[in-house]
Structure formats: C-alpha cells, structure tokens
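Undergrad: Can you read through this structure? Questions will come right after.
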Amino acid sequence: MDAMDALDASAERMVQLVRQVEPEQWNDPTPCTEWNIRTLVGHLVATRQAYCALLSGAAAAELISFAERQDEAAGTDPVAALRTAVASVRTAFAEPGALERTVHHPIGDIFGSQLLALLIMDSVIHSWDLATAVGVDAGLDEQLVNQVYAFLAPRAEGGALYASGLFAAPGRPLPHGATALQRLIHLAGR
C-alpha cells in the first residue's frame, strides 16, 4: 500500500471510530492514561493541524502551541473537526513536492515522507486506542497494521522508540500466536 493510500485508509477508519462515540462516552478513559476520549480526538485534530503547519514551514517549537490546544481542538462537533483536519492534512501532503520537503519536527529535520509515516503511525495506534475506549473492534486493515509495524520495529530494536518518551517499552510478554495488530500494540507499549 503506498503512503497516500495508507494515509487515506487510516484516516477513514479513524473518522468511522469517532462517529461511534456515544454522547455519554466523551469523558471515558482511553489506553492513553492522560487522555479521555475527547482529549484523544482533540490530539488527533491538533496533530493534523500541526502537520499542516510543519509542511508550510513552521518551526518545531510551534508544535507546542498545537499540543496545548488539544484539549479543546475537538470542539463541539468532534466528527466535523476531525474530518476537516483529515481533509486539510491530506491536501497538504498531496501538494507537489510535499513529500520531498524538509520539515522541522521536534525529533529533528525530516522529509515530508517521514512526517507522513509518523502521521500514519499516529492514526493507526490511536485508532486502536479509540476503539478500545469505545468498546468496538478496531477494524484496522492488516496490511496497514503491518506497514506501521515495519516502520516502528527497527526503532524499537535500537531503543530509540522508547527513548523518545512517546512510547513505553512493552510491560509484558507478547502472547503466543499474536495477531499483527497485537504485535503492533505490544511494540507500542499498550
């Protein structure tokens, strides 16, 4: 699956999952212990807004302002806010030269194609978080899950994935016969 198809597939599933949130669930906890469902969706919105800014030349330090707004980024209509953010970031990545452009991410200067891989990873892992919090099947495409796993696994082997502080090292052994999604979620420390 090429990167733009992976972006579309991961975004589509993420929006479908947000549509499944019942009104009384917005304050429910998620596997991201510091976030409830509304804050998780706000993170998804704010991240996409931030990546649009990065692709437009924003400095890495500007991402802090997006992170600070994630509590309210979902607004009064989280589905609409996420759909708008998904469409905007898709447009930004589809611009000519966007994937070759250097962007200033907090992890360092990277190409737009690497930023896209980070966004796809964010979408897939947080879709699982959201599905788990809502109590529904994640429904993630296995090819997409394998693609994200292939992106993360080399970073986990060297320890860089966990040194970033964005992921916790797995706290328990991987179950025998684990599915692709279970392997990915285990790798991500969930």
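Laboratory data are not the source of any read-out in this text; all were calculated from the coordinates shown. In this text, all values refer to a predicted model and were calculated from it rather than measured experimentally. Note that each Cβ is placed from the backbone with ideal geometry, even for glycine, and that neighbours are counted across all protein chains shown.
Undergrad: Residues of the range 129-166 with backbone nitrogen within less than 18 Å of a virtual label 7 Å along the Cα-to-Cβ line of Gln16, please, listed as ranges.
TA: Answer for the range 129-166: 129-148.
Undergrad: Determine, at each q value in 0.10, 0.13, 0.16, 0.18 (inverse angstroms), the log₁₀ of I(q)/I(0) that the Debye formula gives when each Cα of the range 37-170 is one equal point scatterer.
TA: One equal scatterer on each Cα of the range 37-170 leads to -0.33, -0.58, -0.91, -1.16.
Undergrad: So if a site counts as exposed when it's one of the GluC sites (Glu not before Pro), its DSSP state isn't H, G, I, E or B, and it has at most 15 other Cβ atoms within 10 Å, what's the longest stretch of the chain without one? Could you put the intermediate results ahead of the total?
TA: On the way: sites that count: Glu34, Glu72, Glu100.
Between the exposed loop sites, the longest stretch runs 101-190.
Undergrad: Now for a different question. Quick check: pseudo-label points 7 Å beyond the Cα along Cα→Cβ at Thr84 and Asp71, how many nm apart are they?
TA: Placing both labels 7 Å along Cα→Cβ, they lie 2.1 nm apart.
Undergrad: Also, quick follow-up: Averaging over all projection directions, find the projected area of the Cα convex hull of the range 136-190 and quote it in nm² with one decimal place. Write down the numbers at each step before the final one.
TA: Numbers: hull surface 16.6 nm².
Dividing the Cα hull surface by four gives the mean projection, 4.2 nm².
Undergrad: Sticking with this one: Rounded to the nearest 20 Debye, what is the dipole magnitude of the chain about its Cα centre when Lys and Arg each give +1 and Asp and Glu each give -1 at the C-beta?
TA: Details: 12 positive and 22 negative charges, 53 e Å.
Roughly 260 debye for the chain.
Undergrad: So, one more: Please report the relative contact order for the chain, taking Cα pairs under 8 Å with a sequence separation of at least 6, and give it as a percent rounded to a whole number. Each step should come with its number before you reach the end.
TA: Working: 233 pairs, mean separation 44.9, N = 190.
Normalised by residue count, the contact order of the chain is 24 percent.
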